[in-house]
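First comes the structure, then the notes that go with it.
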Amino acid sequence: MNREVIVSSGKIARELSEAEVKEIEHELTLYPDKKAVGLEALKIVQRHNGWVSDESMLAISKYLDIALSELEGVATFFNLIYRRPVGKNVILFCDSVSCWIMGCEKIRKEINDHLGIDYGETTEDGEYTLIPVPCLGDCDKAPVMLVGEKMHRNLTADSIKSLSSSGKAQNKSGE
Ligand code: FES
């Protein structure tokens, strides 16, 4: 594996906010050791900031005394930790087998046309980022997608038109 791809390039840790520290401290009471809290800390920081910057990675690494490379490994493995800025609303779009059989490719095309974004891209207005995910556990209502915390089931072209955005593709993750 090319370590340059997965290791943070930020040099200076940012300061964790009081709220972040409070939540991480709470997690520390629930787990037997600091290392086990790594993923929860990443989720906490992401909840507060929308994504996890290199500076945040360093801050968590220092706070929990976990090697940065170890924390990067956790973030890489858990693909819902965003290491780049994402839109206000992340669309987790199921492209697993039931959704595929039920026509999710057509729905994806609707998203491409309506919002102007494809996988890994964010609309120019910063409203939406589209990310493909494996089964969301709602196969009998396929095709489905999760927008923020709201599940959208039995998707049709009209469901997509109800997403408002003036945006066009802004960036691809990984660029
Ligand atoms: S395959 Fe899409 S929700 Fe299960």
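Since every read-out is calculated from the coordinates, none of them should be taken as a lab result. These numbers come from a predicted model, not from an experiment. For neighbour counting, all protein chains shown are included, and Cβ atoms are generated from backbone atoms with ideal geometry for every residue, glycine included.
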Q: Tell me which of these Ala67 doesn't satisfy, since it passes every other one: (1) without any contact (Cβ under 8 Å) to a residue 24 or more places away in the chain; (2) under 25 Å from Ala41 (Cα atoms); (3) within 16 Å of the ligand (Cβ to nearest atom); (4) not aromatic (Phe, Trp, Tyr).
A: (3)
Q: With respect to Leu80, determine if the residue is under 30 Å from Val21 (Cβ atoms), surrounded by fewer than 18 Cβ atoms within 10 Å (Cβ to Cβ) and within 16 Å of the ligand (Cβ to nearest atom).
A: yes
Q) Quick one: in the range 85-121, which of the residues that are within 16 Å of the ligand (Cβ to nearest atom) and charged (D, E, K, R) is farthest from Ser53 (Cα to Cα)? A) Lys106
Q.
If I ask for residues that are in contact with a Gly (Cβ under 7 Å, 6 or more places away or on another chain) and surrounded by fewer than 18 Cβ atoms within 10 Å (Cβ to Cβ), which ones from the range 54-69 would you list?
A. Glu55
Q) Among the numbered criteria (1) within 16 Å of the ligand (Cβ to nearest atom); (2) in contact with a strand residue (DSSP E or B) (Cβ under 9 Å, 6 or more places away or on another chain); (3) not in a loop (DSSP other than H, G, I, E, B), which single criterion is violated by Cys135? A) (3)
Q. Given the structure, is Glu124 buried (at least 18 other Cβ atoms within 10 Å of the Cβ) and either of a type in the set (A, V, I, L, M) or closer than 27 Å to Asp54 by Cβ (or both)?
A. no
